[in-house]
């Protein structure tokens, strides 16, 4: 694991020697609970990977069909899926959405198998997702689903309809602010100053969220688009990931 972290750190540092030593692009999978979580947690990191010639896929484990104050169900799920595809165009990535209800996610065997299949199909070298302590149950259970899939991606008799990985990906967590029961401790910090505009542009594609739902749920429906920019000019934004501990 230490060797893997060293390699990932070199990659994030933009070391030319490391980048050009790759025989083929790395395949990065970022897994979120909802169709904007990957963008929020690691959109800048994704943009950096793409700029270095690597391939990135976002996966949302739910379809986001509850994240709005006026619409919901299939109509909202379709709208949010369309938003993810616009994000994919803007960031130069691919974006998949599983058809599980927002706000009702459970770490079932069926969904674990779906996550295993998605990681295998992408042939992921790196997987980044939520920790399992979070305010939102969908975030927590997504973290559990990915953690439970982390070893099983290499077991042939699990989800036997998709070929197992012959190498285990490096599994990392998104940054968060939660302190209990386990405080977040980053192993890697990525400076995304060079691509912060790309990350904000990805946010802009989620119209249903950043200009409608999130201001409403925050009891601030009159916020303007300018006020919603998440990073002030002159700041030094970063995205941080600790490793998933495996015993």
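The values are calculated or read from the model by the stated rules, or taken from the named source; none is laboratory data. Here the structure is a predicted model, which is why all the values come from computation and not from measurement. Neighbour counts are summed over all protein chains in view; Cβ atoms, including those assigned to glycine, are modelled from backbone coordinates with ideal geometry.
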Within the bounds of segment 116-133, is there any residue that is closer than 16 Å to residue 173 by Cα, over 15 Å from the mean Cα position of the chain (by Cα) and surrounded by fewer than 20 Cβ atoms within 10 Å (Cβ to Cβ)?
-> yes
Which one of the conditions (1) more than 29 Å from residue 78 (Cα to Cα); (2) assigned to a loop (DSSP other than H, G, I, E, B); (3) in contact (Cβ under 8 Å) with a residue 60 or more places away in the chain does residue 172 fail to meet, given that it meets all the rest?
-> (2)
When restricted to 74, 43, the only residue free of Cβ contacts under 8 Å to residues at least 60 places away in the same chain and either surrounded by fewer than 24 Cβ atoms within 10 Å (Cβ to Cβ) or in a helix (DSSP H, G or I) (or both) is 74
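I need a count of the residues in segment 132-147 that are free of Cβ contacts under 8 Å to residues at least 60 places away in the same chain and either in contact with a helix residue (DSSP H, G or I) (Cβ under 9 Å, 6 or more places away or on another chain) or part of a helix (DSSP H, G or I) (or both). First the steps, then the outcome.
Step one: list which residues in segment 132-147 are free of Cβ contacts under 8 Å to residues at least 60 places away in the same chain, which gives 132-135, 137, 140, 143-144.
Next cut, either in contact with a helix residue (DSSP H, G or I) (Cβ under 9 Å, 6 or more places away or on another chain) or part of a helix (DSSP H, G or I) (or both) only: 132-134, 137, 140, 143-144.
Going through segment 132-147 one residue at a time, the tally reaches 7.
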Hey, can you tell me all the residues within segment 199-222 that are at pLDDT below 95, under 16 Å from residue 68 (Cβ atoms) and in contact with a helix residue (DSSP H, G or I) (Cβ under 8 Å, 6 or more places away or on another chain)?
-> 221
